[in-house]
1. Where Lys and Arg each count +1 and Asp and Glu each count -1, what net charge lies around R195 among other residues with Cβ under 12 Å from its Cβ?
2. Based on the mean of other Cβ atoms within 10 Å per residue, sort peptides 14-26, 159-171, 188-200, 40-52 so the most packed one is first.
3. Work out, step by step, the length gained on full extension between Q44 and I76: first 0.36 nm times the residue separation, then minus their alpha carbon distance; give nm to one decimal.
4. In the neighborhood of V206, defined by Cβ-to-Cβ distances under 14 Å, what is the net charge if each Lys or Arg adds +1 and each Asp or Glu adds -1?
5. Rounded to whole Hz and in sequence order, give me ³J(HN,Hα) for the range 151-168 from the Karplus expression 6.51 cos²θ - 1.76 cosθ + 1.60, θ = phi - 60°, writing x for Gly and Pro.
6. For A109, enumerate residues with amide H under 5 Å from its amide H, sequence gap 5+ or separate chain, H modeled in the peptide plane.
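No value in this document is a laboratory result; all are computed from the given coordinates. Not measured: the values here are computed from a predicted model. Positions of Cβ are backbone-derived with ideal geometry, glycine not excepted, and every protein chain shown enters the neighbour counts.
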Amino acid sequence: MQSGVVLSMEKSVIMVDRAEGLLGAEICRLAVALAQDVCGVLEQSGGLSLYQDEPWIQGVEWVELERDGVMSCARIVDTLILCRQSLDDDIFLKDIHSCIEQYTTMTHAKRILLICNHASVVCHDKRQQQQLLGSTPIDILVQTPTIMYSPGYIELEAASRVYFERTGELCPPEHVMRVERVAMACLRLALEDDRHGFYSCEEIAVIGDAMMIQ
């Protein structure tokens, strides 16, 4: 992976799906702070209730998915950011392919970034990850941490407890991360033209720490 890549300050049109989620909302917030043109896709009505008092939501164009899954608006998008968490094995590829087809048909997205913690990303070797990239129009594939938390929204203790109750194990420290760090890494990957391929959890930790914008 390249290092020292300069983050372009040219304005981009970024579309974030599942934008009401913890990670999707944080990506939108940071993109607004960087003066990007942001479109947030809501999976369900009322999804913004958690953020209704925060001023950044006024800087996002919000759209909802209709019942038949067709987007209610069409536009040209520079980068499409797909947030997909914990999908069932049997529907993962089908969901991704159909989601990409739907979005690209409506938006003519120039670049696609998929963020997920599915086994196809976390457990498989590099060759299989590249096959996933090669079988879809995805430009960047990002492995998210197992546990993401944000004080005031999802506390670390609560997120860790849920994981332990589900697995009976403690999560490795390198797979526990604040959502702001993950979101900054994902946004940088979306805006830096030279970024392509698969990025592991460890790599996004480094990218997310590089907060200096040139």
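1. On the way: positive: R111, R188; negative: D139, E192, D193, D194, E203.
Net charge in that neighbourhood comes out at -3.
2. 14-26, 188-200, 40-52, 159-171
3. Numbers: separation 32, 0.36 × 32 = 11.52 nm, distance 2.28 nm.
Using 0.36 nm per residue and subtracting the Cα-Cα distance, I get 9.2 nm.
4. Numbers: positive: R181, R188, R195; negative: E174, E192, E202, E203, D209.
The answer is -2.
5. So the J values, rounded to whole Hz, are x, x, 10, 10, 6, 4, 4, 5, 5, 5, 5, 4, 5, 5, 5, 7, 10, x.
6. Amide H neighbours of A109, under 5 Å, 5+ apart: V77.
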